[in-house]
Amino acid sequence: MSHPDYRLNLRSLGTPRGVSSLVGPHGVGASPGDKKSKNKNTRGKKKSIFETYMSKEDVSEGLKRGTLIQGVLRINPKKFHEAFIPSPDGDRDIFIDGVVARNRALNGDLVVVKLLPEEQWKVIKPESNDKETEGAYESDLPEELCGSHLLQQSLKACNDSPDVIIEAQFDDSDSEDGHGNTPNSLVDGVKKLSVCVHEKGEEGAGAPVTKDENTLMSQDARASPEKSLQRSAKVVYILEKKHSRAATGFLKLLADKNSELFRKYALFSPSDHRVPRIYVPLKDCPQDFVTRPKDYANTLFICRIVDWKEDSNFALGQLAKSLGQAGEIEPETEGILTEYGVDFSDFPSEVLECLPHGLPWTIPPEEFRKRRDLRKDCIFTIDPSTARDLDDALSCKSLADGNFEVGVHIADVSYFVPEGSSLDSVAAERATSVYLVQKILSEWFGRTVIRSCTKLSYEHAQSMIESPTRKIPEKELPPISPEHSGEEVHRAVLTLHGIAKELRKQRFADGALRLDQLKLAFTLDRETGLPQGCHIYEYRDSNKLVEEFMLLANMAVAREIHRAFPERALLRRHPPPQTKMLNDLMEFCEQLGLPMDFSSAGALNKSLTETFGDDKYSLARKEVLTNMCSRPMQMALYFCAGTLRDPAQFRHYALNVPLYTHFTSPIRRFADVMVHRLLAAALGYREPPDMEPNVLQKRADHCNDRRMASKRVQELSTGLFFAILVKESGPLESEAMVLGVLNQAFDVLVLRYGVQKRIYCNALPLRSHHFQKVGKKPELTLVWEPEDLEQEPVQQVVTIFSLVEVVLRAEATALKYSAVLKRPGTEGLLDPQEKQGCDHHSDQRED
């Protein structure tokens, strides 16, 4: 194989919030496409619900003058009437209250907003939780910052397996390097998935939806010194519709059978409450839907929004297809992929024509004249045992002067993707797959030809690291080419491990940050594809070995392409944390007496490493605080160097380096392919790409969008698989730690399974509950209804870092699961047989 080398020497929505129902003789809401209202009182054109968007010219002028603000809209998945955009100055998010103020923008859209007069800003009461004043972030934490980490101590001493896990928030097992599972596993059946999605809550379920008590208050209350204001705004323009405008959901007949609308439209109710309900033409619906609507009550459909008029509560849409029965893996997964615009269709023939036809493919003779021949070197891959995209390899050999030559060999994917070809176009569109002590003396970049002598898994490499002097039997290793021996590979792995440990030690000494998080993986039934169990993906020394050299290669390539093309280098930056959220977290830690230093990435890493002990409670507190520290972190972004004038903005906060890029995973990331082309041009192998910085930036933006969509899809898919596991194997018990307290609910991190859940007071058998703040620390007192009339009520105080027992149970009507709190003092809600089965499922290892 030819390689470029781097070497070292759901509820119904009802009427939208803030919208008066337009109820007339022909049904609720404005009829889509109606020319005039049938209601005589309105006479003529219907009253608009939404404001007309500003003109492009006015928007451009307003942005220049600073009277308008742009940002990505985030809609709270737990409270769909609340939306936010980031504040440009890093202060508290700007609040957008209700559907009308969102003005038909959907989650993820790039919008322009206008601030409301100060008297309409949101009032934050001192007893409210800051989590409720910020947008609900959906794991924007970049993979360069987080990683998998295995806790060595179990919170329960029932077995030897680790059972403390944190929510792994991202797709890649590669952590910083992009080395590991691909999201294509979703389409192919999902081998391993990480991250559990947050469930939409039902705080105050059953009560009428009223205006948030924090939102609008009297002038007297507004003037009160203990209140603070949050800037509030309304959407005046959508710069870019990032949301796919596709949704999965269910069809219903309209309520008023006598209305004109009933004869033309059905109502589509999206599963995601952040998407509006949609009128769909009956001609798009199954032929017998009107006469037999109950037959389709559990059928999942995909609908696309095609229009949303100013005078209509609901959007107008078109049914794309019927997916199948809700609650089944395949239709649910296809729905997730479609909603997030992930193209999982077969490649068209013109794309396949770009690939080599004669298989097995052989390297053309002329390539040997252009490349350094390393086929005799001891080069090998280290990947997950299930990996199919073997795009990186390593080598290490000792030199006569006592130094080592380390090779990082990356598949030359750009060789197979000619610029401007159909394959290039489809790759650009899809953009990503959906998962030293001694001084280093010199670097060499170049194209090579290699032959991997063996395919090691992480488990193989780990056994070599753990048994440095033992000769590993051939039967325990994969086949090795006859030119090399198992001992030679073993020596190389040990040397690489030693160098990687020193690189890692130096990297953190130089100020890098890592928010260690655990990843949940599933074992699947080979026949049904259903999850049989789940286990913690162990992040061990073999993973760290590969990670360090991938990071090193990415940093070296970033320096090289920026040196050669300072205006056109495609780099990756990670902005520092959001100031307001970080300051709030700092204040929170001070209240709790936690000596955390947030002054830099390195200081934060040191605090997380050194503050906590190794007892079970300290380890759990560390996991919760790590989770909290992830919230202010911003997303890492691809960018073209020529579009930013301040080099300080190039920096990567988590890695604490001035320049970084992605080079090591060209099989699954198109950004890496573009970097390969830049590096080839820098080395004189080809002409520089003929693109202006603004064109490159558009491609970078697209890669960012697709990367985020890929992460969201994997989060949702993992949530789906875990919900199935709870349904099939539950109920599941676990210890949990409280990470947020609200007036009538609290959030917990379920330590055994690494999922976050909100527990609602009205779902518990309580006599009463009371919320207060002790200083700035929120506290919820629960008074449990006694099980026996002769007993006294049991009181339980819930606050941040409280350790509680929870039970996860499947919901009867959908593929969802909920968490309930166990009554204090009870032995458990599961009988011994159920507990044993639960432990068996959670501790399985993948075949």
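The values are calculated or read from the model by the stated rules, or taken from the named source; none is laboratory data. Computed from a predicted model, the values in this text were never measured in an experiment. Neighbour counts are summed over all protein chains in view; Cβ atoms, including those assigned to glycine, are modelled from backbone coordinates with ideal geometry. Only protein heavy atoms, including side chains, enter the accessible area calculation; ligands, DNA and RNA are left aside. Shrake-Rupley method; radii C 1.70, N 1.55, O 1.52, S 1.80 Å.
Number of residues in the stretch 525-575 that are assigned to a strand (DSSP E or B) and more than 23 Å from the chain's Cα centre (by Cα) equals 1. Quick one: would you say D391 is buried (at least 16 other Cβ atoms within 10 Å of the Cβ) and under 22 Å from R669 (Cβ atoms)? Criteria met by D391. Residues in the stretch 562-612 that are closer than 28 Å to K505 by Cβ and of a type in the set (V, I, T) were compared, and the one that is most open to solvent (accessible area, probe 1.4 Å) is T609. The numbered conditions (1) assigned by the TED database to the domain that holds V417; (2) open to solvent by 50 Å² or more (accessible area, probe 1.4 Å); (3) within 23 Å of A512 (Cβ to Cβ) are all true for G684 except (3). Counting only strands (runs of 3 or more DSSP E) that sit wholly inside the stretch 1-95, those with at least 3 residues that are of a type in the set (A, V, I, L, M, F, W, C), open to solvent by less than 20 Å² (accessible area, probe 1.4 Å) and modelled with pLDDT of 50 or more are 82-85. Can you list the strands (runs of 3 or more DSSP E) found entirely within the stretch 383-449 that contain at least 1 residues being among the aromatic types (F, W, Y), in contact with a Gly (Cβ under 8 Å, 6 or more places away or on another chain) and modelled with pLDDT of 80 or more? Once the strands (runs of 3 or more DSSP E) in the stretch 383-449 are filtered for at least 1 residues that are among the aromatic types (F, W, Y), in contact with a Gly (Cβ under 8 Å, 6 or more places away or on another chain) and modelled with pLDDT of 80 or more, nothing remains.
Restricting to the stretch 257-285, name every residue that is in contact with a Leu (Cβ under 9 Å, 6 or more places away or on another chain) and surrounded by fewer than 17 Cβ atoms within 10 Å (Cβ to Cβ).
R263, K264, P281
Considering the stretch 633-649, and only residues there that are surrounded by 20 or more Cβ atoms within 10 Å (Cβ to Cβ) and in contact with a Phe, Trp or Tyr (Cβ under 9 Å, 6 or more places away or on another chain), the residue that is farthest from P577 (Cα to Cα) turns out to be A641.
When restricted to residues that are more than 10 Å from I465 (Cα to Cα) and open to solvent by 20 Å² or more (accessible area, probe 1.4 Å), the stretch 485-502 contains 6.
Considering L739, L764, L732, L749, the condition of being open to solvent by 10 Å² or more (accessible area, probe 1.4 Å) and either at pLDDT below 95 or closer than 30 Å to T333 by Cβ (or both) is satisfied by L764 alone.
Suppose we keep only residues that are of a type in the set (K, R) and within 13 Å of S818 (Cβ to Cβ) within the stretch 752-761. Which one would you say is most open to solvent (accessible area, probe 1.4 Å)? Quick ask: steps written out before the conclusion?
Residues of the stretch 752-761 of a type in the set (K, R): 752, 757-758.
Checking which are within 13 Å of S818 (Cβ to Cβ) leaves us with 757-758.
On the way: K757: 11, R758: 29 Å².
Step by step, filter the stretch 752-761, then rank; the result is R758.
Per this entry, V807 is not counted among residues that are of a type in the set (V, I, T), open to solvent by 30 Å² or more (accessible area, probe 1.4 Å), assigned by the TED database to the domain that holds V738 and in a strand (DSSP E or B). Of the residues F670, F663, the single one that is touching a His at 6+ places or on another chain (Cβ under 9 Å), modelled with pLDDT under 90 and either open to solvent by 30 Å² or more (accessible area, probe 1.4 Å) or not acidic (D, E) (or both) is F670.
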